[in-house]
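Encoded as structure tokens, the structure appears first; notes follow it.
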Amino acid sequence: MTAPLFLILSIFLPESPLWLVKRGREKDAMEVLEKLRGPDYPVNIEIEELKVCVSSDKKSGTKSLKVIKSNKFNFNPSKSKLN
């Protein structure tokens, strides 16, 4: 029951501001951030930070999630001290 509910509700989720900036849709990213953060939040600063991240990824040839997926950050239960 959880999976179908998630799929139905995910239709109403906004697109990721990072995804939008990567595709050159800064105006759409600003609109999403304004909805998420509120009208008084300085979204221009966050958009500029996202642009810097995207440009540094392009220059270095890496992906933003590559660090998260590396073995350094993955939790391996067999190596845990809890066992």
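Taking 7 Å steps out from each Cα toward its Cβ at ARG23 and ILE8 produces label points 2.6 nm apart. Loop-resident chymotrypsin sites (Phe, Trp or Tyr not before Pro) (DSSP state other than H, G, I, E or B) in region 1-45 with no more than 10 further Cβ atoms inside 10 Å of their Cβ: PHE12.
Coordinate-derived values only; no laboratory data. Given the structure is predicted, the values throughout are model-derived calculations rather than measurements. Quick reminder, even Gly has a Cβ in these numbers, built from the backbone with ideal geometry, and neighbours come from all protein chains shown.
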